[in-house]
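Data block below; observations after.
Every number here is computed from the coordinates shown, using simple stated rules; none is lab data. Note that this is a predicted model, so its numbers are computed, not measured. A quick note on method: Cβ atoms are made from the backbone with ideal geometry, for glycine too, and the neighbour counts reach across all protein chains shown.
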Amino acid sequence: MFCLALVCLPLTLIWLNMETLLVFLGQDPSISHEAGRYAACFIPGLFAYAVLQPLTRYFQNQSMITPLLITSCIVFCLHVPFCWLLVYKSGLGNLGGALALSLSNCLYTIILGSFMCYSSACSETRAPLSMEIFHGIGEFFKYALPSAAMICLEWWSYELIILLSGLLPNPQLETSVLSVCLQTTATVYSIHLAIAAAASTRISNELGAGNSRAAHIVVYAAMCLAVMETLILSTSLLVGRNLFGHVFSSDKDTIDYVAKMAPLVSISLILDGLQGVLSGIARGCGWQQIGAYINLGAFYLWRIPIAASLAFWIHLKGVGLWIGIQAGALLQTLLLALVTGCTNWKNQADEARKRMALAYGT
């Protein structure tokens with residue numbers, strides 16, 4: 001929590017100057033203004049999220065899923081009226097959406113933190129605040145930085161695609177449609193992320209216990225779930241592509257454009273599901289550095305050049321940008337699958353046991 005709170009400080013400065021930064025990058029001034037206001041209103045939620053993520057991992061690593069589920073349900077039931085009140089009734093519009101997200105993040109953190117502090121189920125793993133927290137900062141950043149690079153390199157490439165869409169003719173339409181598509185994949189990605197988190201936790205636990213065969217079985221189970229889930233969702237999106245745009249907009253041009261993009265988005269759901277779970281497996285095995293290199297190559301040496309070429313040189317516009325996204329996801333999936341398929345799980349278990357021995361001085 002301490003380390004992530006430190007990371008939030010420079011992020012806060014960037015978000016406070018978001019409008020100026022976006023205009024400097026050539027974005028439409030009106031869009032930049034709204035994005036800057038939204039980012040500033042979400043700053044409280046950023047710090048709450050920095051506390052929430054370690055809390056979530058604390059419960060996940062002990063297989064205490066029930067508190068997470070109950071807390072999520074409570075916050076979600078409150079988040080819907082928060083959004084309605086702050087977006088529509090208060091007249092804040094976009095700013096109300098940011099404030100609702102911030103409020104929900106804070107509420108989620110308070111409930112989960114209270115459960116950790118006062119529940120008897122956490123009595124054996126609950127530790128008091130002390131100077132000892134500073135002893136593990138070096139080890140934390142050793143794994144956190146490449147892990148963050150692995151994830152950020154992927155998500156920043158999506159944001160870069162959005163910035164490129166703002167440079168196309170009719171940036172309002174292009175940015176709106178790309179945002180709808182990315183929001184759809186991000187929403188569905190939460191399902192992939194849940195499977196990936198479960199796989200990461202189980203694999204790391206099994207490797208730490210020396211159970212290489214069990215860790216290998218988790219890989220097969222997670223990939224089977226990913227394949228079934230992505231096929232169902234992508235097929236549903238493809239069948240309902242003409243209704244897809246109505247969920248986000250009442251503008252006819254946007255709805256028609258989204259329907260045109262729906263087949264490409266359905267393919268992206270499959271690729272995102274596979275690479276998302278494979279990324280979780282990589283994190284569970286401690287391959288953060290390998291994952292960071294794969295993401296750097298797949299997205300910045302492959303995805304972005306293809307997307308920019310198709311959009312601006314071949315004049316495919318938003319369709320070209322999305323094809324570039326798929327090209328990067330395909331290469332990332334193939335490389336992660338290759339690394340996973342060539343893994344010696346017995347050696348992975350032995351290395352995990354050695355790391356534990358070094359950590360505890362035994």
Over the chain, the sum of -39500 (n - 2.57) across DSSP H runs of at least four, divided by residue number and rounded to 500 deg cm²/dmol, gives at 222 nm -27000 deg cm²/dmol
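Based on the Cβ-Cβ distance of Leu167 and Leu316, what FRET efficiency does E = 1/(1 + (r/R0)^6) give at R0 = 22 Å, to the nearest 0.05?
For R0 = 22 Å, the calculated efficiency reads 0.95.
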Which residues among segment 127-156 fall inside the zone where the amide N is under 13 Å from a point 7 Å beyond the Cα of Phe2, along Cα→Cβ?
128-141
Any chance you could check the Cα centroid distance between segment 299-315 and segment 7-61 for me, in angstrom?
27 Å
Efficiency of FRET between Ala121 and Leu16 - r from beta-carbon atoms, R0 45 angstrom, step 0.05:
0.70
Linear extension gain, Glu34 paired with Ser250, 0.36 nm per residue minus alpha-carbon span:
75.8 nm
Using +1 on the beta carbon of Lys and Arg, -1 on that of Asp and Glu, and nothing else charged, what's the dipole of the chain about the Cα centre, debye to 20?
580 debye
Model label zone, Leu264; criterion: amide N under 15 Å from point 7 Å along Cα-to-beta-carbon; scope segment 314-340:
314-330
Gyration tensor on Cα atoms of segment 1-126, a ≥ b ≥ c root eigenvalues, a/c under 1.5 rounded, else prolate if a/b beats b/c, else oblate, says oblate
For Glu351 and Leu243 in the same chain, what is the full-extension length gain: residue separation times 0.36 nm, less their Cα-Cα distance, in nm?
33.8 nm
Give the relative contact order (percent, whole number) for the chain; include only Cα pairs under 8 Å separated by 6+ residues.
16 percent
Choice from Thr340, Thr201, Thr187 showing the highest fluctuation, given a GNM over the chain with Cα pairs closer than 10 Å
Thr187
Relative contact order %, segment 128-241, counting alpha carbon pairs below 8 Å whose residues are six or more apart:
13 percent
Can you compute the label reach from Ile43? Point 7 Å from Cα along the Cβ direction, backbone N cut-off under 20 Å, restricted to segment 106-147.
106-107
Given a Förster distance of 25 Å, the FRET efficiency implied by the Cβ-Cβ spacing of Ser114 and Phe76, rounded to the nearest 0.05, works out to 0.90
Which label in [x] 41; [y] 17; [z] 10 gives the computed percent of Cα pairs over 39 Å apart:
[y]
